[in-house]
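The values are calculated or read from the model by the stated rules, or taken from the named source; none is laboratory data. Bear in mind that the values here come from a model prediction, so they are computed numbers and not experimental data. In this analysis, Cβ positions are derived from the backbone assuming ideal geometry, glycine residues included, and neighbour counts consider all displayed protein chains. For accessibility, only protein heavy atoms count, side chains too; no ligands or nucleic acids. Shrake-Rupley method; radii C 1.70, N 1.55, O 1.52, S 1.80 Å.
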Amino acid sequence: MRKKIFLILAILWMCVIFYMSNQPSHISSAQSSGVINVLSNVPVIGAAIDIMMVNGIAQFVIRKSAHMFSYAILAILWFMSIYESNKYIKKTFITSLFFTFIYACTDEVHQLFIPGRSGEIRDVLVDSTGAIIGLCVLVIIIKFVNKKSYKLL
């Protein structure tokens with residue numbers, strides 16, 4: 001049952017990514033600017049955002065962070081849907097990373113058809129890096145929880 005739930009969540013998350021990628025460039029830029037405005041009002045983060053604004057990299061950092069976060073979530077959802085069946089961490093890691101990578105590639109091809117957007121290999125690498133980071137964090141958590149549960153016995 002949990003496998004189906006995670007699979008449904010992965011598919012829904014892919015729909016969210018597709019929707020966000022389907023936005024024309026002016027809408028995507030406005031969304032990034034909105035996030036920058038919100039973050040600039042947060043005390044500690046605001047100072048870093050101000051420095052990035054002066055250097056002209058704030059929007060780039062926000063956009064790439066969003067890419068990494070989105071694909072980290074997707075990879076984690078894929079992992080959980082597969083891991084529920086086989087419990088082999090290494091195989092599940094590779095399989096979920098592969099599925100996430102393929103979706104990142106198709107997403108960049110999709111963006112070629114959106115006004116003002118482009119499909120870039122660099123973004124596939126950023127997406128895949130986010131997936132790897134998300135999966136590594138998840139594997140560490142799984143190993144920690146499993147180690148703790150053995151100590152409780």
With a 1.4 Å probe and every protein chain kept in, tell me what percent of the accessible surface of the chain is carbon plus sulfur. 74 percent
Solvent exposure of the stretch 89-146 as accessible area per residue, Å², 1.4 Å probe: 56 Å²
Which value, in Å² and to the nearest 10, is the accessible area of residue 78 when all protein chains are kept and the probe is 1.4 Å? 40 Å²
Per residue, accessible area of the stretch 1-46 with a 1.4 Å probe, heavy atoms of protein chains only, in Å², comes to 69 Å²
Quick check on the chain: helices-only [θ] at 222 nm, where DSSP H runs of length 4 and up contribute -39,500 (n - 2.57) each and the sum goes over total residues. Nearest 500, please. -30500 deg cm²/dmol
Rounded to whole Hz and in sequence order, give me ³J(HN,Hα) for the stretch 12-27 from the Karplus expression 6.51 cos²θ - 1.76 cosθ + 1.60, θ = phi - 60°, writing x for Gly and Pro. 5, 5, 4, 5, 5, 4, 4, 4, 5, 6, 7, 6, x, 4, 5, 6
May I ask for the angle, rounded to the nearest 10°, between helix 89-111 and the longest principal axis of the chain, with both axes built from Cα atoms and the value confined to 0 to 90°? 30 degrees
With a 10 Å radius around each residue's Cβ, average the other Cβ atoms per peptide and rank 1-7, 69-75, 136-142, 81-87, highest first. 69-75, 81-87, 136-142, 1-7
Using the Karplus curve 6.51 cos²θ - 1.76 cosθ + 1.60 with θ = phi - 60°, what ³J(HN,Hα) values do you get for each residue of the stretch 127-138, in whole Hz, with x for Gly and Pro? 4, 5, 5, x, 4, 4, 4, x, 5, 5, 4, 4
Quick check on my link table: of 91/147; 64/87; 64/147, which ones sit more than 23 Å apart, alpha carbon to alpha carbon? 64/87; 64/147
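Hey, if we sort 105, 15 by accessible area with the 1.4 Å probe, largest down, what's the order?
15, 105
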